[in-house]
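The values are calculated or read from the model by the stated rules, or taken from the named source; none is laboratory data. Not measured: the values here are computed from a predicted model. When we count neighbours, we look across all protein chains shown, and the Cβ atoms used for this are built from the backbone with ideal geometry, even at glycine. Areas reflect the complete protein model, heavy atoms only, side chains present, ligands, DNA and RNA absent. Shrake-Rupley method; radii C 1.70, N 1.55, O 1.52, S 1.80 Å.
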Amino acid sequence: MVHNANIFFWYGLGRSLVEQDDVQDRTFAKMVVFPGVISGMASSVTNCVMDLYKCKMQAQIGTRYKSSYDCAKDILKTQGIRGAFQGFFSTMIRNTTSFPLYFIFYETSMSLTTKPGREPSLFDVGMAGSLAGFGFWGILYPFDFVKTKLQVQDTSKGKLYNGFIDCWKKTVQQEGYRALFRGYFPCLLRAIPVNGAIFLGVHITKEFVLRHV
């Protein structure tokens, strides 16, 4: 919830900055891509930390971590604040490339399905959100795969990968390009409906606030 609020806050802020320009200067790239990059950069700070705990919990063998709190406490105790940002650069790469696609897919779908001057239907919003989910996860999935490998490695025993490019190269050399798409379809099965629901939630909340607050 906090992560999604962060994403839409920075995207909205980016759009508000662009809207200060003259109407003729508001290109699609400025109105969608630029705010998407801003959102990706800003959200990477919290996204990296939360993703790290999630990935560590999911990849652990046994019960080294009993909860996310236990995981966070152990990492901070053994590695300090720097350990909480393991994989930050790879998270930044994924977010600053995938979030522009996320909002491009959404805004494009909305512009195609909603006539000027008319309110979009909930179906249109949900469909656009689902397409946005595909835009984020379906196009550049290997970026997330590499990020996850970097975050789950146990750095206390020495680094297996020395950064994003090194991890990408070693994965391809050892397992082939297909390895970069491991887990692709289960990811899409989650991402498409979930992001449809996220955009519906944002739309309904915004409508409620505008009408009643």
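If we count every other residue with Cβ under 13 angstrom of LEU200's Cβ, Lys/Arg +1 and Asp/Glu -1, where does the sum land? Let's see the in-between values first.
Values: positive: LYS206; negative: ASP124, GLU207.
Cβ neighbours under 13 Å give a net charge of -1.
Can you give the helix-only mean residue ellipticity at 222 nm for the chain, where every DSSP H stretch with n ≥ 4 adds -39500 (n - 2.57) and the sum goes over all residues, rounded to the nearest 500 deg cm²/dmol? Don't jump to the answer; show the numbers that get you there.
Details: 8 runs with 154 residues, N = 213.
Theoretical 222 nm ellipticity from helices: -24500 deg cm²/dmol.
If you wrap a convex hull around the Cα atoms of segment 153-213, how much volume per residue is inside, in Å³?
150 Å³
Using all C-alpha to C-alpha distances in segment 35-165, build P(r) with 5 Å bins and read off the rounded percent in each one.
Percent of pairs per bin, in order: 2, 11, 16, 18, 15, 12, 10, 7, 5, 3, 1, 0.
Relative to the longest principal axis of the C-alpha atoms of the chain, give the angle of the C-alpha long axis of helix 141-152, reported between 0 and 90° and rounded to the nearest 10°.
Relative to the chain, helix 141-152 is tipped by roughly 40 degrees.
Using Cα springs under 10 Å in a Gaussian network model of the chain, which residue among VAL146, VAL45, VAL23 shows the largest mean-square fluctuation?
VAL23
Rank these residues by their accessible area, most exposed first, probe 1.4 Å: ILE7, ILE192. List each step's numbers first, then the result.
Values: ILE7 5, ILE192 60 Å².
Highest to lowest solvent-accessible surface, that is ILE192, ILE7.
Work through the residues other than SER156 whose Cβ is under 13 Å from its Cβ and net out their charges, Lys, Arg +1 and Asp, Glu -1. Intermediate results must be reported in sequence, preceding the final value.
On the way: positive: LYS56, ARG64, LYS77, ARG82, LYS157, LYS159; negative: ASP74, ASP154.
The answer is +4.
Angle between the Cα long axis of helix 88-113 and the longest principal axis of the chain, 0 to 90 degrees, nearest 10?
30 degrees
Viscosity 1.002 mPa s, temperature 20 °C: what is the translational diffusion coefficient of segment 7-96 from Stokes-Einstein with a Kirkwood Rh over Cα pairs, rounded to a whole number of µm²/s? Present the calculation step by step, with values, prior to reporting the outcome.
Working: Rh = 14.9 Å.
The diffusion coefficient I find is 144 µm²/s.
Relative contact order for the chain: what percent, with Cα pairs under 8 Å and sequence separation of 6 or more? If you can, show how the numbers build up before the last one.
Numbers: 241 pairs, mean separation 42.8, N = 213.
Over the chain, the number comes to 20 percent.
To the nearest 10 degrees, how steeply does helix 184-212 sit against the main Cα axis of the chain, on a 0 to 90 scale?
It is inclined by approximately 40 degrees.
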